[in-house]
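Worksheet: the structure to be examined is printed underneath.
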Amino acid sequence: MGQGRVRVYADKREEQSGVPAELEKLGVLVIRKVLPLGDYLVSDDAVVERKTVRDFASSLVDGRLFDQARRLAEAYGHVYYIVEGSPRYLTRWGDRGHQTLAALTSLIVDYGAQVLWSDGPHSTAYLIAQLARRYQEERGGASVAVHHKPRLEGVEDWQVYIVQAFPGVGPKTARAILEYFGTLEEFCRAPLAELSKVPGLGEKKAERIRAILSTPFSRRRRRRGSLEDFL
């Protein structure tokens with residue numbers, strides 16, 4: 001994080017909600033992108049989904065919210081729902097209101113989601129800004145990147161996933177790298193000349209991989225070659 005300013009990724013489809021503009025008024029650096037999951041990323045491992053109370057209630061009852069919560073929980077360690085509107089709306093449906101409250105309990109207990117309430121875009125932006133500051137400033141300057149970790153089963157799947165995290169490396173090239181070197185350990189030790197021999201990799205990509213593997217990490221250094229440059 002640069003110079004103490006917090007950064008939030010906002011899904012482009014959230015622009016009409018007015019929340020991104022409110023975040024900027026609060027001094028947050030807002031980066032607009034089409035996000036694969038969630039509406040706002042406040043750290044590498046924390047995501048925010050914004051909903052109106054009407055949509056929140058209906059998606060609780062019909063089960064749509066649980067599928068979304070499952071996918072968010074698989075990708076991020078911390079999942080937050082910010083609901084715009086009064087929680088009393090959930091109890092106005094008689095027996096269906098009890099069903100909604102039971103579903104809300106399941107969302108929190110079974111999926112580990114945290115639910116926060118807001119009265120509108122400004123309050124939503126304030127909550128998101130506070131979450132971002134807590135994660136990025138008080139938790140050791142946690143970084144933010146558009147990335148989500150899948151749930152993988154076998155060792156080979158994890159090996160491919162790790163290698164294809166390098167810039168310019170897709171699943172096919174990742175498998176070629178692993179087949180060439182045999183193990184991740186040998187891949188990480190490989191000199192530039194050997195990396196360049198991998199089919200589909202090439203010298204330019206090999207140079208970037210070698211630089212990532214060999215450059216000493218320093219939080220104080222301004223890293224012009226950060227992963228965010230490759231998004």
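The values are calculated or read from the model by the stated rules, or taken from the named source; none is laboratory data. Here the structure is a predicted model, which means the values were calculated and not measured. Because the Cβ atoms are built from the backbone with ideal geometry, glycine has one as well, and the counts that use them run over all protein chains shown.
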Only one of (1) at pLDDT below 80; (2) in a helix (DSSP H, G or I); (3) surrounded by 17 or more Cβ atoms within 10 Å (Cβ to Cβ) fails for residue 103. Which number is that? (1)
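A quick yes/no check of all residues on (1) over 30 Å from residue 207 (Cα atoms); (2) of a type outside the set (Gly, Ala, Ser); (3) at pLDDT 75 or above:
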position	(1), (2), (3)
79	yes, yes, yes
89	yes, yes, yes
110	yes, yes, yes
146	no, yes, no
149	no, yes, no
163	no, yes, yes
168	no, no, no
Exactly one of these conditions fails for residue 117: (1) outside the structural domain of residue 51 (by TED's automatic domain parsing); (2) modelled with pLDDT of 80 or more. Give me its number. (1)
Being under 21 Å from residue 23 (Cβ atoms) and among the basic types (Lys, Arg) is the filter; apply it to segment 34-62 and report the residue that is surrounded by the fewest Cβ atoms within 10 Å (Cβ to Cβ). 51
Residue pairs, Cβ under 8 Å, 6 or more apart or interchain, first in segment 154-170 and in the same structural domain as residue 201 (by TED's automatic domain parsing) and of a type in the set (Phe, Trp, Tyr), second surrounded by fewer than 18 Cβ atoms within 10 Å (Cβ to Cβ) and assigned to a helix (DSSP H, G or I). List them. 166/208; 166/212
Per the filter on segment 55-77, residues out of contact with any helix residue (DSSP H, G or I) (no Cβ under 6 Å at 6 or more places or on another chain), free of Cβ contacts under 8 Å to residues at least 40 places away in the same chain and not in a loop (DSSP other than H, G, I, E, B) are 55, 56, 58, 62, 64, 67, 68, 71
Looking only at residues that are in a loop (DSSP other than H, G, I, E, B) and surrounded by fewer than 21 Cβ atoms within 10 Å (Cβ to Cβ) in segment 1-18, which one is modelled with the lowest pLDDT? 1
Among residues of segment 25-48 being touching a helix residue (DSSP H, G or I) at 6+ places or on another chain (Cβ under 7 Å) and not aliphatic (A, V, I, L, M), the residue farthest from residue 128 (Cα to Cα) is 33
